[in-house]
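Okay, structure first, notes after.
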Amino acid sequence: MKARILSALCVVTAVAAAGGAAFLTGCASGHKQFAYVVGQGTNEVFEFRALRSGALSPLATPNFAVGSNPSALAVHTSGDFLYVADFSGNDVTLLDINQSTGDLSVPVSSSIVVPVNPPNVFSTGTGPSAVAMSPTAPFLFVANQTSGNISAFTVDPGAGGLGGVQGSPFPISPVSNPTSLAVTPQGNLLYVANPTQGTVAGFVIGSNGQLSQAGAPTPVGTSATPTSLVIDHSGRFLYVADSTNNAVAGFAIQSNGSLTPIAGSPFAAGLQPLAVAADPQGTVLFAANSGSNNVSAYVIDSATGALGPVKGAPFATGGLGPSGLAVDAHSTVLYVTDQGTHDVAAMVINTDGSLQAVTGSPFAVATAATVVTPVLR
């Protein structure tokens, strides 16, 4: 798997640039990669250089202050900006990403009007818990857990600033408390996980960024608690971490946005899976098992979406309480936040989908880490 991914990397990057989704040129091996981490207990983003080995090294400025209780991160498709959802601040903080050093900074405003609020802070609903950028259009979406709705923004392609979409925030019916969201690669559908209600709700994304709910939310399973979701690279399959039933539920995405269970779903995971992630090639899926301190790994059947366990899985992270996952831009390293031990595990993704700890892993971070986001510059 790795050999195929690496040989295709330059091609994938060029195609993304032509489509306007990633704005990268040349082979990705010539770029630097950084990683950003947030967690409970500190109002900061922690900054790392992601080395070619996958190891994490703190930047010269290792942390940057943001809003109250940061809960989620999203990167602009250009890689120039980082968006931070501040759960207790009820807002999103916009930060610049330095292309050479990876350092974060407050964008410089060129407006002659003195803003009432900081120019890089944008109000959301109550309790923003997840944030995602459309890969195909200048829209940013925020799931608001407490107010039970979704804020939608237009994104300034040059400065990264946000403007409210007409009609935002959009309600979820019936009343829900979303904690995770994902946008299809085609940019036409958005899904939110509602753990309190045990459902996943789908929305059609209009050309202007407005959201229309695609029918009633889909139940994930009996007594299910959907905590995280991810969509495969083709946009055909959606996977949901069910922390109550120690499983990953799989659904096929229909053209109208409705969901139908994949044959064999749900698929067994470890104890209390809190997060799921897929590699950009759509061949492997991972689940972070908070209760058993390991990561489940699955091979994705490209035809049916069914999951088959990777030999040797699950794989220990070396820390306690895995809570968040992210695959690096090269599809060769999986990063796992260990909330209980305040660290981030870095694990090489082998050709068969198995995981092997990077030398020095896990890497300490001064917070109860819950979210990690790699960025290729």
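The values are calculated or read from the model by the stated rules, or taken from the named source; none is laboratory data. Values in this document were obtained by computation on a predicted structure and should not be read as measured data. Ideal geometry is used to build each Cβ from the backbone, glycine not excepted, and the neighbour counts take in all protein chains shown. Please note that ligands, DNA and RNA were not included when accessible areas were found on the heavy atoms of the full protein model with its side chains. Shrake-Rupley method; radii C 1.70, N 1.55, O 1.52, S 1.80 Å.
For the range 282-320, the set of residues classified as surrounded by fewer than 23 Cβ atoms within 10 Å (Cβ to Cβ), among the hydrophobic types (A, V, I, L, M, F, W, C) and touching an Asp or Glu at 6+ places or on another chain (Cβ under 8 Å) consists of V310, L320, listed by residue number.
If I go through the range 344-363 residue by residue, how many of them are part of a loop (DSSP other than H, G, I, E, B) and either without any contact (Cβ under 8 Å) to a residue 60 or more places away in the chain or under 29 Å from D301 (Cα atoms) (or both)? Talk me through it step by step, then tell me what you get.
Residues of the range 344-363 part of a loop (DSSP other than H, G, I, E, B): 350-354, 358-362.
Next cut, either without any contact (Cβ under 8 Å) to a residue 60 or more places away in the chain or under 29 Å from D301 (Cα atoms) (or both) only: 350-354, 358, 362.
Result for the range 344-363: 7.
Just so you know, in the range 344-364 the residues that are open to solvent by 10 Å² or more (accessible area, probe 1.4 Å) and in contact with an Asp or Glu (Cβ under 9 Å, 6 or more places away or on another chain) include one that is farthest from A72 (Cα to Cα), and it is S361.
When the range 127-162 is filtered for residues that are within 15 Å of G89 (Cβ to Cβ), part of a loop (DSSP other than H, G, I, E, B) and among the β-branched types (V, I, T), only T146 remains.
Please verify whether P107 is outside any loop (DSSP other than H, G, I, E, B) and more than 20 Å from the chain's Cα centre (by Cα), treating the condition exactly as stated.
Working: outside any loop (DSSP other than H, G, I, E, B): no; more than 20 Å from the chain's Cα centre (by Cα): yes.
Considered against the rule, which asks whether it is outside any loop (DSSP other than H, G, I, E, B) and more than 20 Å from the chain's Cα centre (by Cα), P107 comes out as no.
Summed over the range 219-236, the residues that are open to solvent by less than 20 Å² (accessible area, probe 1.4 Å) and out of contact with any strand residue (DSSP E or B) (no Cβ under 6 Å at 6 or more places or on another chain) give a count of 1.
Within the range 245-267, identify whether any single residue is touching a residue at least 12 places away in the same chain (Cβ under 8 Å), touching a His at 6+ places or on another chain (Cβ under 7 Å) and surrounded by fewer than 24 Cβ atoms within 10 Å (Cβ to Cβ), and answer yes or no. Checking the range 245-267: not a single residue is touching a residue at least 12 places away in the same chain (Cβ under 8 Å), touching a His at 6+ places or on another chain (Cβ under 7 Å) and surrounded by fewer than 24 Cβ atoms within 10 Å (Cβ to Cβ). Among the conditions (1) open to solvent by less than 10 Å² (accessible area, probe 1.4 Å); (2) more than 22 Å from A249 (Cα to Cα); (3) among the aliphatic types (A, V, I, L, M); (4) under 16 Å from the mean Cα position of the chain (by Cα), A152 misses just one, which is (4).
Answer with yes or no whether S173 is under 26 Å from P62 (Cα atoms), modelled with pLDDT of 95 or more and of a type outside the set (F, W, Y). Taking the combined requirement at face value, the residue does not satisfy it. Residues in the range 321-343 that are open to solvent by 10 Å² or more (accessible area, probe 1.4 Å), assigned to a strand (DSSP E or B) and of a type in the set (V, I, T): V327 alone.
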